[in-house]
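Peer 1: Before anything else, here's the structure in question.
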Amino acid sequence: MKKRLFALFLAAILLFSGCAAAKEPDIIPLDDKYRNYYEIFVYSYADANGDGVGDFKGLESKLPYIADMGFNGIWLMPIMPSPSYHKYDVTDYYNVDPQYGTLEDFRSMLARAHELGIHVIIDLVVNHSSSDHPWFLDAKTGPDARYRDYYVWSEEAREGYTPAGGAYYESRFVDSMPDLNLDNPELRAELEKIMSFWLTDVGVDGFRLDAVTSFHAADVQENVATLDKIKAMCETAKPGSYVVGEAWVGQSALAEYWQS
């Protein structure tokens, strides 16, 4: 009986020893320096001058706190001049909204973020502009306007279009956000200059692209093709720059955007 119990005990030891000796599979982390991001709406984040609106100086003062929490990046919702509080309707792609401070204030915040090992990406809205943007103010004056083809027009009334300038302009979200014509080569060249300005002159680390599924209405292939072009432009301007897009779509369509 004792021999039998001993044999069972020895077998149990060998069994558990074998389990303990089994090597766990190696865990390989994503090779992605942008994996841990903190989204910030500057408008309501930190107010340094007491006017009731958040600003870049207020944000800069909070950067050590953000770093201490373990974040290695921040994503800023739109910071460019805009008539709205949310600023997804841009009037000037080469500047910052004065409510938030100056471009030099932004550069100062960016430099401090980089000192702390924090990458910074900013919202870039290229699906549409503000109806107050100089491009659109010109475009709606008539068919021969300089910037007419920067936007999408129809001679007939259609769903998602608004009347102006003797025709109808595409405005899928609201009429104050006319959709840009991303098939226009002159507009694409201008957008490339804009992205290069922020990446190389100002020094941001990349962009979060708004409404990428609306670039060409519901045409997934065209949307993906435009995303590929934008990423190539960014890579040319600043190798290693990071581009991420907002895509509220189903799983099958999302897989196509993921491959972009």
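Peer 1: Considering only region 131-188, state which residues are out of contact with any Gly (no Cβ under 8 Å at 6 or more places or on another chain), assigned to a loop (DSSP other than H, G, I, E, B), within 18 Å of Pro83 (Cβ to Cβ) and open to solvent by 30 Å² or more (accessible area, probe 1.4 Å).
Peer 2: Answer for region 131-188, where residues must be out of contact with any Gly (no Cβ under 8 Å at 6 or more places or on another chain), assigned to a loop (DSSP other than H, G, I, E, B), within 18 Å of Pro83 (Cβ to Cβ) and open to solvent by 30 Å² or more (accessible area, probe 1.4 Å): Asp132, Phe173, Val174, Asp175, Ser176.
Peer 1: With the requirement that a residue be touching a strand residue (DSSP E or B) at 6+ places or on another chain (Cβ under 6 Å) and outside any helix (DSSP H, G or I), what does region 41-71 give you?
Peer 2: The one that is touching a strand residue (DSSP E or B) at 6+ places or on another chain (Cβ under 6 Å) and outside any helix (DSSP H, G or I): Phe71.
Peer 1: So, one more: Any residue in region 113-136 that is farther than 19 Å from Ser176 by Cα sitting within a Cβ distance under 8 Å of a residue that is hydroxyl-bearing (Ser, Thr, Tyr)? List the pairs, counting only those 6 or more apart or interchain.
Peer 2: His119/Tyr34; His119/Tyr242; Ile121/Tyr34; Ile121/Tyr37; Ile121/Tyr242
Peer 1: Something else about it: Leu187 versus (1) hydrophobic (A, V, I, L, M, F, W, C); (2) at pLDDT below 95; (3) within 23 Å of Tyr161 (Cβ to Cβ): which is the lone unmet condition?
Peer 2: Only one criterion is unmet by Leu187, namely (2).
Peer 1: Now, a different point. I need the full set of residues from region 66-90 which are of a type outside the set (A, V, I, L, M) and under 20 Å from Glu104 (Cβ atoms), in order please.
Peer 2: Pro78, Pro81, Ser82, Lys87
Peer 1: Step by step: first the residues of region 19-65, then only those that are of a type in the set (Phe, Trp, Tyr) and over 18 Å from Glu104 (Cα atoms), then the one that is modelled with the lowest pLDDT. Which residue is that?
Peer 2: Restricting to residues being of a type in the set (Phe, Trp, Tyr) and over 18 Å from Glu104 (Cα atoms), the top hit is Tyr34.
Peer 1: Restricting attention to region 78-98, report how many residues are in contact with a helix residue (DSSP H, G or I) (Cβ under 7 Å, 6 or more places away or on another chain) and either crowded, with 21+ Cβ neighbours inside 10 Å or farther than 17 Å from Trp135 by Cβ (or both).
Peer 2: Going through region 78-98 one residue at a time, the tally reaches 3.
Peer 1: Residue check, Glu115 against (1) of a type in the set (Asp, Glu); (2) open to solvent by 10 Å² or more (accessible area, probe 1.4 Å); (3) touching a Lys or Arg at 6+ places or on another chain (Cβ under 7 Å), all met but one. Which one?
Peer 2: (3)
Peer 1: Just to verify a result, which residue in region 190-226, among those that are open to solvent by less than 20 Å² (accessible area, probe 1.4 Å) and assigned to a strand (DSSP E or B), is nearest to Phe173 (Cα to Cα)?
Peer 2: Leu209
The values are calculated or read from the model by the stated rules, or taken from the named source; none is laboratory data. It should be emphasised that the depicted structure is a prediction, and the values quoted were computed from it without experimental measurement. Positions of Cβ are backbone-derived with ideal geometry, glycine not excepted, and every protein chain shown enters the neighbour counts. Note: areas computed on protein heavy atoms with side chains; ligands, DNA, RNA excluded. Shrake-Rupley method; radii C 1.70, N 1.55, O 1.52, S 1.80 Å.
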